[in-house]
1. Can you pull out the residues in region 554-595 that are away from ligand 1 (no atom under 16 Å from the Cβ) and small (Gly, Ala, Ser)?
2. Go over the candidates Ile422, Ile430 one by one and state the one that is crowded, with 21+ Cβ neighbours inside 10 Å, assigned to a strand (DSSP E or B), more than 16 Å from ligand 2 (Cβ to nearest atom) and in contact (Cβ under 8 Å) with a residue 40 or more places away in the chain.
3. Can you name the residue in region 355-376 that is among the basic types (Lys, Arg) and farther than 17 Å from Asn277 by Cα and is also surrounded by the most Cβ atoms within 10 Å (Cβ to Cβ) among such residues?
4. In this structure, does Gly352 turn out to be at pLDDT 90 or above, surrounded by fewer than 16 Cβ atoms within 10 Å (Cβ to Cβ) and under 27 Å from Glu283 (Cα atoms)?
5. From (1) farther than 23 Å from Gly584 by Cβ; (2) crowded, with 18+ Cβ neighbours inside 10 Å, pick out the condition that doesn't hold for Val631.
6. Test of understanding: among Glu536, Glu454, Glu471, which residue is out of contact with any helix residue (DSSP H, G or I) (no Cβ under 8 Å at 6 or more places or on another chain) and within 15 Å of ligand 1 (Cβ to nearest atom)?
7. Collect the residues in region 120-142 that are assigned to a helix (DSSP H, G or I), without any contact (Cβ under 8 Å) to a residue 40 or more places away in the chain and surrounded by fewer than 16 Cβ atoms within 10 Å (Cβ to Cβ), keeping them in residue-number order.
8. At least 3 residues that are within 16 Å of ligand 2 (Cβ to nearest atom) and under 20 Å from Val552 (Cα atoms) in each: list the helices (runs of 4 or more DSSP H) lying fully within region 439-540 that qualify.
Amino acid sequence: MRAILNALGLEKHSDYVRDYFDNVNMRKCIYMSTVIIVLELWMIIRLTRKIFKDSLHSQFMHLFEKYYSNYLILLFMGLIMLIYSIRFIRGKCRNRAMIILTKIVFMVVCIYFGIKVSLNDYYKGEQILTFITMELFALCLLTWRPFSAFIISGASFMYFYYKMNQMIAVSTMINRNTLSIANISDTGVTEATKINFFFMWISTIMVCIANYNGIRAQALKAENLQEVNNYLSKLSVEDELTGIHNMVYFRNEAEKVLNYVTTDRDNIVFLFFDIENFKSYNEKYGFHAGNDLLIKIAHMIDDAFNNSLVSRFSDDHFVVLTSIDGAKNIIGKLSGEIKKLQKEVHLELKCGAYKPIGNEADISLACDRARFACNSIKKHFDRTLRLYDKTLEDKFQLKQYIVNNIDNAIANGYIKVYYQPILLTKNKEICGLEALARWQDPNYGLLSPGIFIEILEEYRQIYKLDQCIIESVCRDYREAVDSNKPFAPVSLNFSRLDFELCDIVGFLCEAVKKYNVPKEFIDVEITESALTDQHEFLPNAIKNLREFGYRVWLDDFGSGYSSLNVLKDYHFDVLKIDMKFLSGFSNNNKTRPILENIVSLSKQLDMLSLTEGVETNEQCEFLTSIGCDRVQGYLFSKPVPIETLRERIAKGELTICDEYKS
Ligand code: C2E
Ligand code: CA
Ligand code: CA
C-alpha cells in the first residue's frame, strides 16, 4: 500500500522535503521564466518587424488579438514568475500558497499556449511541436507529484486530442462535402497518430515520475544529512544526558560574557555545584536511577538560574555563571529541594563560588577556583556554600604548585621516605616498617601526604610518587644490607590509580631485581576503598603480586562501607585495622568488642591482624589482651627518616627482631 502511495506521489512529505521541492521548483522557475521572457521578446520583435516590413498596419488589431496578446500574456507571466522565484530564493518571500499558485498559473498558461499554437499549426498542416514543448516545459522541468502530473497531462492531452480530432473531422467532411453527422467517427485522427499520441503521453508521465523520484531521493538524502548535522551541532553544545548546556558551550559563552561585560563585573559569580554522596546513590540504586536523578537535578539548577549560563561539566558537577544578587537565596532553596530527592542515601548540595577579580578572563581558572571552594566544604555536614577567599587562594596556589612541581621534586630528591615501625604485640620488637612519603620542599618546607596525595590522585600523577618511593625503599634496603645496618620488611602504600596509570607491579619487580631485594622484604598495602570501586584490573593485580611472592595487606579496614565484602572477595596476608576504631577508645564502650571481633575474624580468615594509630599504653594493652598480632602508632614512633630510626634503635629506644638486626 505504502509502495503504491509512494509511486503515485501520495505520501506525506516532511517539512524539510516539502521545502526542498519548493526550492528546486523555484530555482527551475528562474531559468524557465528567463527562457520565456527571451522567447516572447523575440516573438514580439519578429512580429513587429514583419508588420513594418510587410506594411500590415491595417491588420494590427487582428494580429494583436491573434498573436500579440498571447505573447504579452506569456511575457507578463514570465516576468511575475521571475520576480517571485528570485524573491523566494533570497528568502524574502516564503508564502506556500503563492508557490503553488505560481506553479499552477505558469503550467496552465504554458499548456494553453501550447494547445492554441499547435492547433493553429496543425490546421495549417504543420507539426504540433509547440504543444509537446510546452508539455515538457511545464510538466517535466517543473517537478510535480506523479498523480498531479498524470491528471494535468491526461486532461491536456485529451483536450488537445479532442480538439484536433474535431478539427480534422470538420475539414475532411468539408473536403468530402458531406455534412452527414453519422460519418464523423471514421473521419478523425488516424490510428497511427492516436498510438503516437498515447506513447507521447505515457513518456511525458514517465519523465515526470523519474524526475519526481530523483528529486525526492535527493531531498531524503539531504534531510538525513541535515539531521545528522543538527544532531552533531546539538551535541557540541548540549549535554547528552541532561539536555542542558555542556562545558564547551559554557566556556565559549562565559568568555563572551567576561569579554563584553565591562561594567557591573563585580556582580558576576561562578558557581560550581557538586552533589555529595551521589556516588553512593548510584551504587545503591543503580546506574539508571542515578541518571534520572542527575537529569532532575540538572533541570532544577537550570530552572533556578533561568536567566544565567548553566551547564553540566561532568558526572554530578554543574557550573553556573550568574549575578551575585539573590544567588545565595537560590542556592539555599535548591539545597532544600535536593534534600527532598534523597531516599536512604543522604544527598547534599555543595556549592563553591568564585568572583573574578578585575579584568580577569580565564574561564578554566575561574571554574577551577569555584570547584576548589566547593571541594573544601565536602564532608562538612550542612555547609552548602563556600566563597573562594584568601585562605582558599593560598591552598589553591599550593595545589597548583604540587601539580606543576611533582616531576621537579622527584628529580631533585625532595621526595623522602619516612619509616614508621610496626611492632610485634607480644614483645614490642620491630617486625616491619611502613614507608610513608614526605615532600621536603625548599619553598613550603615539609609537606605531609595528607596535603599532596589527594591532589596527585586528582591529577593522575600519583604513580610518579609511588614509583619514586619504591625506588627509594629498594635503594635504602641495598644500602642497609651493604653496610650491615638493620632493616625490616617494608610495606608500601599503593594507590588504586597506580594500577590504572602504569604497570606498577612490573615497576616493583624491576626495582626489586635492580637492587636485589628479597621479595619477603616488600609488602603492599591497598586501601579498602580502592577495592570497592569495582575496577576489573585490581583483582588481577593483587593475584599477580601474591604470585610473584609479595604479601598484600588490606589497609584502613573498617573505614568504608563494604569492608566485609572486600574480605569475602579477596585474600590478604595482613588486615590493617583503621585507626578510627581507636579514636573513641576510652569513652566508647562499643570499641572494644568490635576490635575483639575483627581480630578474631582475621584469625578465622587466616590473616595477621595489625592495628594502626596506637597512641596510649591502655590501647596497646587491650590489643595485646585480645591477641592482635601487630601494632603501629605514635606510642612507639612517628614516621621518621631511616637515619633517625637507626639512631633510636642504636640507643635502645626501639628494638628490632633478631632476624632483621643486620
Ligand atoms: P595510611 O597509609 O593510613 O598511613 C597512616 C597514617 O597515619 C600516616 O600518616 C601516619 O603518619 C599516621 N599515623 C601513624 N600512627 C599514628 C598515630 O598513632 N596517630 C595518628 N593520629 N596518626 C598516626 P601520613 O604519613 O600523613 O600518611 C597519610 C596517608 O597518606 C597514608 O595513610 C597513606 O594513605 C597516604 N600515603 C602516605 N605515603 C604514601 C605513598 O607513598 N603512596 C601513597 N599512594 N600513599 C601514601
Ligand atoms: Ca598505609
Ligand atoms: Ca592506614
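1. Passing the criteria: only Ser562.
2. Testing whether each residue is crowded, with 21+ Cβ neighbours inside 10 Å, assigned to a strand (DSSP E or B), more than 16 Å from ligand 2 (Cβ to nearest atom) and in contact (Cβ under 8 Å) with a residue 40 or more places away in the chain leaves just Ile430.
3. Initial filter on region 355-376 (among the basic types (Lys, Arg)): 355, 369, 371.
Imposing the further condition that a residue be farther than 17 Å from Asn277 by Cα reduces the set to 355, 369.
On the way: Lys355: 18, Arg369: 22.
That would be Arg369.
4. Details: at pLDDT 90 or above: yes; surrounded by fewer than 16 Cβ atoms within 10 Å (Cβ to Cβ): no; under 27 Å from Glu283 (Cα atoms): yes.
Here the answer is no, as Gly352 does not meet what is asked.
5. All conditions are met except number (1).
6. Working: Glu536 fails: within 15 Å of ligand 1 (Cβ to nearest atom); Glu471 fails: out of contact with any helix residue (DSSP H, G or I) (no Cβ under 8 Å at 6 or more places or on another chain).
On inspection, the qualifying residue turns out to be Glu454.
7. So in region 120-142, the residues assigned to a helix (DSSP H, G or I) come out as 120-123, 129-141.
From what is left, the residues that are without any contact (Cβ under 8 Å) to a residue 40 or more places away in the chain are 120-121, 129-131, 133-134, 138.
Result: Asn120, Asp121, Leu129, Thr133.
8. Numbers: elements: 449-458, 462-482, 496-501, 504-514, 528-532.
The helices (runs of 4 or more DSSP H) meeting that bar are 462-482, 496-501, 528-532.
The values are calculated or read from the model by the stated rules, or taken from the named source; none is laboratory data. Here the structure is a predicted model, which is why all the values come from computation and not from measurement. Heads up, the Cβs are rebuilt from the backbone with ideal geometry, glycines too, and the neighbour counts pull from every protein chain shown.
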